[in-house]
Amino acid sequence: MKFGLFQTPFSPPERSPREVFNWAVSQAVAAEEAGLSEFWVGQHFTLAWEAIPSPELVLAAAARETERIVLAPGAHIPPYAHPASLASQTAWMSNILEGRYILGVATGVNPVDGQLHGFADMKRNLEMTVESLDIMEKIWSGEPFDYKGKYWCSSFPAQDDTLPPLRYSRPYGGQMTIAIGGASPNSTSIEVGGRRGLIPLSFGANPALVKNHWDTYSAAAREAGRTDGYDRTIHHVTMDVFVADTDAEAERIAIEGPIAKAWRGHLIPNEQRRAARAGTPPVWSLDDDMRDIVRKHMIVGSPETVIEKLSAFVEASNGWGTTLIFGHDFSDDPAPWNYSMELLAKEVGPKVGLDVE
């Protein structure tokens, strides 16, 4: 199994923008040194705990500090930007990184981000995301086009003597690698990924959801006539994972440190608000014992315990290829967190895998 770091970030609101930025860039370097394969940076516009509105700025800084690790925004929200701007910026980044780049996209889940961009609701976001991808692919082709859609218009002229030299608009190698995120069962975003050949990225993972997302993805791929060229190893799954030398030490750090702080201060209250909007019971409560949450909803322990838990997860879900661990703000003492990433890459990854069907 491959591991990557998903730097959401879960940084406490008291951190300054410079502190959030510095920690994120340093984590790209630490993840590469630990042996992780990918480094993702979230995009959020209004959340105090997830305070990076421009992941490309972090990735640009990390591009000069790293050599091997794949860098990825996770994820751009296409409805909140013109497709031409997004296509141009991300194609340039893929060329700067000489291909070690994945473009992550998602439809957006935070209603306040939507309000900030003038959206009374998010009902159009999926349709806008699909149209945006259509336009971006036309731009990346480098061929002339004239597109008038439901939400956007865009065109690119043929080069001739009446125009100045036009900039190369294609991604590195001529094709953009794209991932699309989904969080709900039977996700329509994951379905779009299957139809278009994008990497499926599952948020809020449990075995049933991971299996459902792959079934949704593969069914859409077959319906679109895509029968070859993909397997479960492309599937990316996010989760909280922390490793230390012993189970007791791993649990202690998770319960007493930044991971529990982020859950109490952000993740649990956010889940309660989501449940209230949906009219459903919340998955977690602030009255829950954090030790129970760590044991039931995270993968925490010694390398042996984490191997056992991940292997059981793989068996129950039929497996996936890359685990993206949620990053937490250990900037006051990075050593335990960086050591956890090293143990994941060197001790856990080689011993956890799946049989590709």
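The values are calculated or read from the model by the stated rules, or taken from the named source; none is laboratory data. Owing to the predicted nature of the structure, the values given are computational and were not obtained by experimental measurement. Methodologically, a virtual Cβ is constructed for each residue, glycine included, from the backbone with ideal geometry; neighbour enumeration extends over all protein chains shown. The accessibility values were calculated without ligands, DNA or RNA, using every heavy atom of the protein model including side chains. Shrake-Rupley method; radii C 1.70, N 1.55, O 1.52, S 1.80 Å.
Descriptive notes on the structure:
- Estimated at the nearest 10 Å², the accessible area of Y172 is 110 Å² with a 1.4 Å probe.
- A simple spin-label model places the labels of N22 and R274 3.2 nm from each other, with each point 7 Å out along Cα-to-Cβ.
- To put it simply, the accessible area of the chain at a 1.4 Å probe is 51 percent carbon and sulfur.
- In Å², nearest 10: area of H297 left accessible to a 1.4 Å probe: 80
- Within the straight-line cut-off of under 22 Å between alpha carbons, the lysines reachable from K261 are K296, sequence neighbours fewer than 8 places apart in one chain being disregarded.
- The simple spin-label model puts a point 7 Å past each Cα toward its Cβ; for A81 and Y151 those points are separated by 1.4 nm.
- If you plug the beta carbon distance of V112 and D161 into 1/(1 + (r/R0)^6) with R0 = 41 Å, you get a FRET efficiency near 0.25.
- Within the listed set G104, G257, G42, the residue fluctuating most in the Gaussian network model of the chain (springs between alpha-carbon atoms under 10 angstrom) is G257.
- Within-15-Å neighbourhood charge of L47 [Cβ basis; K, R +1; D, E -1]: -2
- Region 58-188 shape via C-alpha gyration tensor axes, a/c threshold 1.5: oblate
- Solvent-accessible surface of region 222-354, taken per residue with a 1.4 Å probe and all protein chains present: 47 Å².
- Taking a ≥ b ≥ c as the square roots of the eigenvalues of the Cα gyration tensor, region 224-311 is classed as oblate, since a/c reaches at least 1.5 and a/b does not exceed b/c.
- The distance linking region 202-247 with region 276-323 is 15 Å (Cα centroid to Cα centroid, whole angstrom).
- The calculated 222 nm mean residue ellipticity attributable to helices in the chain amounts to -13000 deg cm²/dmol, summing -39500 (n - 2.57) over DSSP H runs of n ≥ 4 and dividing by all residues.
- For G104, the amide hydrogen comes within under 5 Å of the amide hydrogens of H76, A179, counting only partners 5 or more places away or on other chains and with H modelled in the peptide plane.
- Antiparallel content of DSSP bridges confined to the chain, in %, to 5: 10
- Potential extension, A60-D231 segment - 0.36 nm per residue separation minus Cα distance: 58.5 nm
- Overall form of the chain per C-alpha gyration tensor (a/c, 1.5; a/b vs b/c): prolate
- Full extension of the chain between E308 and R170 gives 45.3 nm of extra length, using 0.36 nm per residue less the Cα-Cα distance.
- The modelled label-to-label distance for the pair K296/A208, using points 7 Å beyond Cα in the direction of Cβ, is 1.4 nm.
- Cα-based helix-to-principal-axis angle, 303-317 vs the chain, degrees rounded to 10: 50
- Local net charge near E33, Cβ-Cβ under 11 Å (Lys/Arg +1, Asp/Glu -1): -3
- For I299, solvent-accessible area (1.4 Å; no DNA, RNA or ligand), Å²: 20
- Summing Cβ point charges (Lys, Arg +1; Asp, Glu -1) relative to the Cα centre of the chain gives a dipole of roughly 860 debye.
- Solvent-accessible area per residue for region 25-96 (1.4 angstrom probe, square angstrom): 35
- Principal-axis analysis of the Cα atoms of the chain puts helix 83-96 at an angle of about 70° to the longest axis.
- The length gained on full extension between D289 and E67, counted as 0.36 nm times the residue separation minus their Cα-Cα distance, comes to 75.7 nm.
- Residues of region 289-319 with amide N under 13 Å of a point placed 7 Å along Cα→Cβ from T246: 302
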